[in-house]
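**Q** What follows is a single structure, and I will ask about it in a moment.
Values in this text are rule-based calculations from the coordinates and carry no lab data. Worth saying up front: this structure is predicted, and the values here are computed from it rather than measured. Backbone-built Cβ (ideal geometry, glycine too); neighbour counts: all protein chains shown.
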Amino acid sequence: MPNQLLRYNHVRRADVLDDQKSAPAILGAETTSVTQENLQEFVLSQIKRIIFGNNPGDWNSDFIAASIQSLQQLTASIGTSFTPSQHEVLRQLIHFIDEGPATGFPTGARKQILPAADPFPTSVIWWEDTALTKKIVEKLITRNPNKTPSVVQWKMYAIDGTTVISTVTDTISYSGVFEINRIRTIV
């Protein structure tokens, strides 16, 4: 049974505004708070954690002077341009049009199709540059005897160009040469 909170006869300001409670302490706020002042300290601490995480700061900082964006500003900025570090977090196959990287990726990417000059490629790789040093995305195609794709696998690479951060595999079924079913596995 939770603690019974003491009720105020009239509203007053808390004597102490401690907003530095830890996450475990905040979790137990309802059972450990005896007064509204105690509970208020936990609420202020949670607000501080929403803004700053575990970093130093307090709930009543001057956000404009500290260049802290509001939730509305952060939400609006998501639909615009990204820094390279922000984009690394959001790199997903959805960022790719049929013909390679689009908005948010540097220009100068190079497409490599293997085997070269073959009408039925088994590999399509987008490299970050013409030196072929860092992969962006790779498409591997396993083909049926009639040359239709039976398995198509996309591998998305981290900024380092070697670490696979996402793999999507489609297994395709046909009736003759017509696709009738596709099962997607995302790892």
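**Q** Quick one: count up the residues across the stretch 39-48 that are surrounded by 19 or more Cβ atoms within 10 Å (Cβ to Cβ) and touching a helix residue (DSSP H, G or I) at 6+ places or on another chain (Cβ under 7 Å).
**A** Here is the first cut: in the stretch 39-48, the residues surrounded by 19 or more Cβ atoms within 10 Å (Cβ to Cβ) are 41-42, 44-45, 48.
Checking which are touching a helix residue (DSSP H, G or I) at 6+ places or on another chain (Cβ under 7 Å) leaves us with 42, 45.
Adding up the residues that qualify gives 2.
**Q** Filter the stretch 152-169 for residues that are crowded, with 16+ Cβ neighbours inside 10 Å and in contact with a helix residue (DSSP H, G or I) (Cβ under 9 Å, 6 or more places away or on another chain); which is nearest to Ser123 (Cα to Cα)?
**A** In this case the residue turns out to be Trp154.
**Q** Right, something else. Can you find, within the stretch 100-147, the residue that is surrounded by the fewest Cβ atoms within 10 Å (Cβ to Cβ) among those that are under 20 Å from Ile186 (Cα atoms) and of a type in the set (Gly, Ala, Ser)?
**A** Ranking the qualifying residues of the stretch 100-147, first place goes to Ser123.
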